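The next block holds one structure in the form of structure tokens; read it before the comments.
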Amino acid sequence: MINIDILKKIIKDKKILDEAGLRAALKAAEKTRLPLESYLTSKNIVDETVFYQAIADHFNLPFIDLKNREIKKEVISLIPSPLAVARQVVIFAKEGKELKVAVLDPLDLQTAEFIKRKTGLDVKIHLTTPGSLKEVLRKYHATLESELQIIKLEDAGDEKQLKKIAEDLPIINIVNSILEHAVFEKASDIHIEPMEKEMAVRYRVDGVLRQVMTLPKAVQAGIIARIKILANLKLDEHQQPQDGRIKIEIQDEKISLRVSILPVYDGEKIVMRLLPESTKPLTLDQLGFLPDDKKRIENAINKPHGMVLVTGPTGSGKTTTLYSVLNILNQPGVNIVTIEDPIEYHMPRINQSQVQPRVNYTFATGLRAFLRQDPDIIMVGEIRDPETAEISAHAALTGHLVLSTLHTNDAPTALPRLLDMGVPSFLVAFTTNLIMAQRLVRKICPFCKKEYKLTMENIADLEKIVDTKKMVELFKKHECLKTGDAALKSWTFYRGEGCQKCNNDGYKGRLGIYETLEVSKDIAELINKKASVEELRQGAIKNGFTSMLQDGIIKAKLGLTTLEEILEATRD
């Protein structure tokens with residue numbers, strides 16, 4: 001989608017519409033919720049070819065009309081049809097080491113870069129019209145379907161037939177492109193979902209699922225079979241969930257994919273978690289810890305024994321935080337053992353073990369075995385049952401540093417949770433060093449970041465959930481209070497306007513918001529008295545505790561994220 005201000009300039013400069021006509025078109029486009037260019041061409045207010053020729057001239061790009069143009073099959077199929085449809089792009093010619101590519105968005109440099117990396121050839125961008133592109137893609141799509149070997153329903157469980165279709169070149173190309181494009185888009189997960197008449201492919205990028213392409217139903221059996229083969233799973237198993245792993249190399253980057261296949265109403269759904277093997281653990285600064293929280297963590301992990309727990313819901317980055325802490329502790333003089341479900345990243349010099357429920361190798365049985373391995377530091381993927389909780393606490397009591405995760409919404413709630421699991425209060429009080437709670441929020445795109453002031457409605461909402469006087473103190477402490485910012489109505493915040501670099505949503509990347517509760521003598525006494533969560537929270541506040549909400553608002557004030565992200569992430 002082309003920026004509205006650029007389109008208005010082109011329309012005025014090329015005299016495509018007069019002022020009154022442009023105003024009317026803008027109003028109607030907004031009412032119909034269509035982009036301006038789509039409204040003008042779909043309603044035949046402006047000739048499509050004339051309009052896109054004018055856009056091409058504005059950007060100094062060559063214009064190409066693809067209607068009635070013959071495109072060689074080996075050229076157009078350099079990127080598969082579903083990806084071409086998703087990105088609205090067609091490769092229409094190859095001359096030497098240069099590809100000629102037709103697009104609708106002259107500023108979509110990401111797609112051009114993806115094609116260049118995928119093919120190893122230079123890319124020459126041409127602008128075309130939506131009608132022209134649609135016609136070419138329709139023919140391309142029809143050709144693809146005719147080439148596919150469509151499995152009859154009664155043959156769907158035939159292993160030989162499935163293996164044969166999984167080796168078809170169109171199927172291989174589609175799967176390869178799904179994986180390559182996901183790596184290029186920096187997706188954390190790929191969802192391939194069967195529906196009644198088609199298959200949807202969605203990527204999770206910065207925590208948000210976005211549909212990127214739709215596949216014809218005819219390819220469903222082949223796509224699933226191809227991924228099963230890559231993950232070394234049973235081809236003829238369609239009624240049971242299956243888990244596997246794929247290792248691939250894309251553009252010199254080694255990627256491990258954790259594959260989960262689940263039977264659903266319309267077939268089998270595939271979810272793949274992308275785990276780049278070259279990824280290095282982040283530092284505490286890179287994770288987004290503010291100075292006070294960072295100091296508390298360093299104090300807690302430098303103690304020779306005790307428990308350090310990270311809490312938060314699934315997908316909040318707990319494991320990433322633990323790996324970062326392990327990386328700090330990973331020195332030649334210590335023996336570190338971990339039990340995980342599953343092992344997400346391999347770390348040199350650390351003895352990593354994976355639970356195997358089928359042979360009764362659980363967190364609890366692994367922990368017992370670890371204690372005979374002369375460990376200094378133990379990492380338990382998750383404390384999820386009373387047995388694991390008690391063994392972890394006893395390990396911490398007997399001279400080991402124990403790191404683990406716990407499913408609670410905030411840090412103070414973790415303490416009563418351990419008591420509920422049957423760990424004696426004196427053991428919780430004596431062995432727990434620190435509890436962290438966290439969420440992940442999206443970072444503002446640095447390329448389109450703009451500042452703004454709060455509205456009266458924003459102010460009223462904020463005053464309901466946070467102590468604004470306390471926030472002013474915290475802003476001063478973290479040096480993010482501008483001159484004249486003391487009054488709430490003067491507070492400056494930031495948001496992304498949306499640009500090509502961030503797919504027009506104003507966000508790029510993620511960071512954590514945190515709260516850290518240090519178990520001081522005062523807190524230990526409250527634990528022994530079996531104090532309520534609220535009493536523990538008030539005790540922590542007296543010791544300088546900053547809540548996740550406050551931590552997030554500080555980061556919003558610093559221009560790292562938006563208030564909307566913080567309020568969404570911390571709401572009950």
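A few points about this structure:
- Within straight-line cross-link reach of LYS234, lysines at Cα separation under 23 Å, skipping those fewer than 8 residues along the same chain: LYS152, LYS160, LYS163, LYS164, LYS217, LYS247, LYS269
- C-alpha long axis of helix 548-557 to longest principal axis of the chain, angle in °: 50
- Placing unit charges on the Cβ atoms of the charged side chains and taking the dipole of the chain about its Cα centre, the candidate lying farthest along the positive direction among ILE45, ALA231, LEU169 is ILE45.
- Rolled with a 1.4 Å probe across the full set of protein chains, the surface gives SER38 an accessible area near 40 Å².
- Cα centroids of the range 189-234 and the range 83-97: 22 Å apart.
- Comparing HIS346, PHE289, PRO313 along the charge dipole axis of the range 272-412, the residue lying farthest to the positive side is HIS346, per the Cβ-charge model.
- Degrees, to the nearest 10: 468-477 long Cα axis against longest axis of the chain: 90
- P(r) histogram, all alpha-carbon pairs of the range 477-572 included - 5 Å bins from 0, percent: 2, 11, 16, 17, 15, 14, 9, 7, 4, 2, 1, 0
- By the beta carbon rule, with partners counted only under 4.7 Å, the chain holds these lone Cys residues: CYS480.
- The fraction of accessible area contributed by carbon and sulfur in the range 22-79 is 46 percent, rounded to a whole number (1.4 Å probe; ligands and nucleic acids excluded).
- Of interest is the spacing of the C-alpha centroids, which for the range 499-546 and the range 237-275 amounts to 34 Å.
- Taking every protein chain into account, the 1.4 Å probe leaves HIS407 with about 90 Å² of accessible area, to the nearest ten.
- Pairwise Cα separations in the range 217-367 fall into 5 Å bins from 0 onward with the following percentages, short to long: 2, 7, 13, 16, 17, 15, 11, 8, 5, 3, 1, 0.
- Principal axis analysis of the Cα atoms in the range 399-503 yields extents of 51, 37, 25 Å, listed in decreasing size.
- Mean Cα-pair separation over length for the chain, i.e. relative contact order, pairs under 8 Å, 6 or more apart, %: 9
- Three-way shape label, the range 309-434, alpha-carbon gyration tensor, a/c 1.5: rounded
- Cα-based shape type of the range 442-483, given that a ≥ b ≥ c are square roots of the gyration tensor eigenvalues and the cut on a/c is 1.5: oblate
- A 1.4 Å probe run over the chain, with the rest of the protein chains in place, finds 50 Å² accessible per residue.
- Beta bridge orientation in the range 216-366: antiparallel %, DSSP, nearest 5: 85
- Restricting the range 528-572 to trypsin sites (Lys or Arg not before Pro) that sit in a DSSP loop and have at most 13 other Cβ atoms within 10 Å of their own Cβ leaves LYS529, LYS530, ARG571.
- Taken about its Cα centre, the range 466-539 carries a charge dipole of about 220 debye when Lys and Arg each add +1 at the Cβ and Asp and Glu each add -1 at the Cβ.
- Selection of trypsin sites (Lys or Arg not before Pro), the range 307-386, meeting DSSP coil and at most 16 other Cβ within 10 Å: ARG349, ARG372
- The value of relative contact order for the range 166-274, using C-alpha pairs under 8 Å at least six residues apart, is 26 percent.
- Linear extension gain, ASP522 paired with GLN538, 0.36 nm per residue minus alpha-carbon span: 4.7 nm
- Considering only the chain, percent of DSSP beta bridges that pair antiparallel, nearest 5: 65
- For LEU215, distant residues with modelled amide H under 5 Å away: MET199, ALA200, VAL201
- Tilt relative to the chain, helix 456-465 - C-alpha long axis, 0 to 90 degrees, to 10: 30
- Report summary: the helix-based calculation at 222 nm, which adds -39500 (n - 2.57) for every DSSP H run with n ≥ 4 and divides by the residues of the chain, gives -12000 deg cm²/dmol.
- Cα gyration tensor shape for the chain, rounded if a/c is under 1.5, else prolate or oblate: oblate
- Using C-alpha pairs below 8 Å separated by at least 6 residues, the relative contact order for the range 377-488 is 21 percent.
- Taking Cα centre as origin and charging only the Cβ of basic (Lys, Arg, +1) and acidic (Asp, Glu, -1) residues, the dipole magnitude of the chain rounds to 1000 debye.
- DSSP-loop GluC sites (Glu not before Pro) across the range 1-79, with at most 16 other Cβ within 10 angstrom: GLU70
- The accessible-area ordering, largest first, of the residues MET456, MET213 stands as MET456, MET213, per a 1.4 angstrom probe.
- The charge dipole of the range 369-414, taken about its Cα centre with unit charges on the Cβ atoms of Lys, Arg (+1), Asp and Glu (-1) only, comes to about 60 debye.
The values are calculated or read from the model by the stated rules, or taken from the named source; none is laboratory data. These numbers come from a predicted model, not from an experiment. Using ideal geometry, Cβ is built from the backbone for each residue, glycine included, and neighbour counts are taken over all protein chains shown. The accessibility values were calculated without ligands, DNA or RNA, using every heavy atom of the protein model including side chains. Shrake-Rupley method; radii C 1.70, N 1.55, O 1.52, S 1.80 Å.
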